[in-house]
Amino acid sequence: VFDRVFHDHEDYGWLNIPQIVKYSSNIGSAKIGERLGKVQLYRYMKAFGFGAKTGIDLPGEATGSLRHYNNWSNVTLHTVSFGQGVSVTSIQLVTALSSIANGGFLMKPYIVKSIKDPGGKVITESNPVVVRRIISEDTAGKMTDMLVGVTKEGGTGVKAALSDFEVAGKTGTAQKPDFNRGGYASGAYIASFFGFTPAKDPRLAILVTVDEPRGEYYGGSVAGPVFKEIAEQSLAYMGVFKENANA
């Protein structure tokens, strides 16, 4: 594309859309971006909450960085399609993921459920608030199926799979920017995995990021096993087991 050559970490040949997600194909993602076009891609990224504060009840929230498409270079459409040229916060990522788990509704995140006085009387209480619908319930279901494929055999997130519940998730392996010289720092990565489970009746959305892992640096290998441990222990703590998953 112009003066750049984009690569995948393996030569896959022809891939369909679920396989592009399953194998985390940069080339396939760039081609999806081409099909969408920069106006539509930008519109959807804004709709999912990138480039704006979520409004969470914590001080100092960052907006991340998502430049308007009028300021994109000749290759920005393609790089943004697979996650470069845009910066996001963890709460933006997990909020966007949760909108798929919630059937297409973007929700406003919050930390504190309620505040009570010394006598136990509730002073303030937080409740779920729908910000907007982004995608249809049908599209959210199709996206969930694709994300489940990521944790199935051959997917990049197989190490995040649980034995008793399906996981819908996605790996991330991001190069870190070099703020002194521009471009990206050599050998510096952020490895990540996010997912929700049980995939068809979600109880938890979890994001794991590992800053500059040593040795292995792919998100599925580094962050996937951490996700698995957190999910297994958290579901057990919540009383969600295979036999009563839908209770």
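The values are calculated or read from the model by the stated rules, or taken from the named source; none is laboratory data. In this text, all values refer to a predicted model and were calculated from it rather than measured experimentally. When we count neighbours, we look across all protein chains shown, and the Cβ atoms used for this are built from the backbone with ideal geometry, even at glycine. Please note that ligands, DNA and RNA were not included when accessible areas were found on the heavy atoms of the full protein model with its side chains. Shrake-Rupley method; radii C 1.70, N 1.55, O 1.52, S 1.80 Å.
Summary of values
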{"read-out": "Qualifying position, being open to solvent by 60 Å² or more (accessible area, probe 1.4 Å), over 12 Å from Val80 (Cβ atoms) and either touching a Gly at 6+ places or on another chain (Cβ under 6 Å) or in a loop (DSSP other than H, G, I, E, B) (or both), among Gly13, Gly55", "value": "Gly13"}
{"read-out": "Residue satisfying condition, being of a type outside the set (D, E, K, R), more than 17 Å from Ser98 (Cβ to Cβ) and at pLDDT 95 or above, within set Tyr237, Tyr218", "value": "Tyr237"}
{"read-out": "Residue match in the range 27-42 (condition: closer than 19 Å to Gly219 by Cβ, out of contact with any helix residue (DSSP H, G or I) (no Cβ under 8 Å at 6 or more places or on another chain) and surrounded by 14 or more Cβ atoms within 10 Å (Cβ to Cβ))", "value": "yes"}
{"read-out": "Filtered residue count, the range 73-86, keeping only those that are farther than 24 Å from Thr144 by Cα and either open to solvent by 30 Å² or more (accessible area, probe 1.4 Å) or touching an Asp or Glu at 6+ places or on another chain (Cβ under 9 Å) (or both)", "value": "5"}
{"read-out": "Selected residue [within 24 Å of Glu137 (Cα to Cα), out of contact with any Pro (no Cβ under 8 Å at 6 or more places or on another chain) and either open to solvent by 50 Å² or more (accessible area, probe 1.4 Å) or in a helix (DSSP H, G or I) (or both)] from Lys200, Lys228", "value": "Lys200"}
{"read-out": "Among the candidates Thr209, Thr171, residue that is assigned to a strand (DSSP E or B) and open to solvent by 50 Å² or more (accessible area, probe 1.4 Å)", "value": "Thr209"}
{"read-out": "Residue in the range 73-91 that is small (Gly, Ala, Ser) and more than 28 Å from Trp14 (Cα to Cα) present", "value": "yes"}
{"read-out": "Residue among Ser192, Ser136 that is of a type in the set (Ser, Thr, Tyr), under 28 Å from Phe105 (Cβ atoms), surrounded by 15 or more Cβ atoms within 10 Å (Cβ to Cβ) and modelled with pLDDT of 95 or more", "value": "Ser192"}
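Quick grid of which residues meet (1) outside any loop (DSSP other than H, G, I, E, B); (2) surrounded by fewer than 17 Cβ atoms within 10 Å (Cβ to Cβ):
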{"site": "Met45", "(1), (2)": "yes, no"}
{"site": "Gly49", "(1), (2)": "no, no"}
{"site": "Ser99", "(1), (2)": "yes, no"}
{"site": "Asn127", "(1), (2)": "no, yes"}
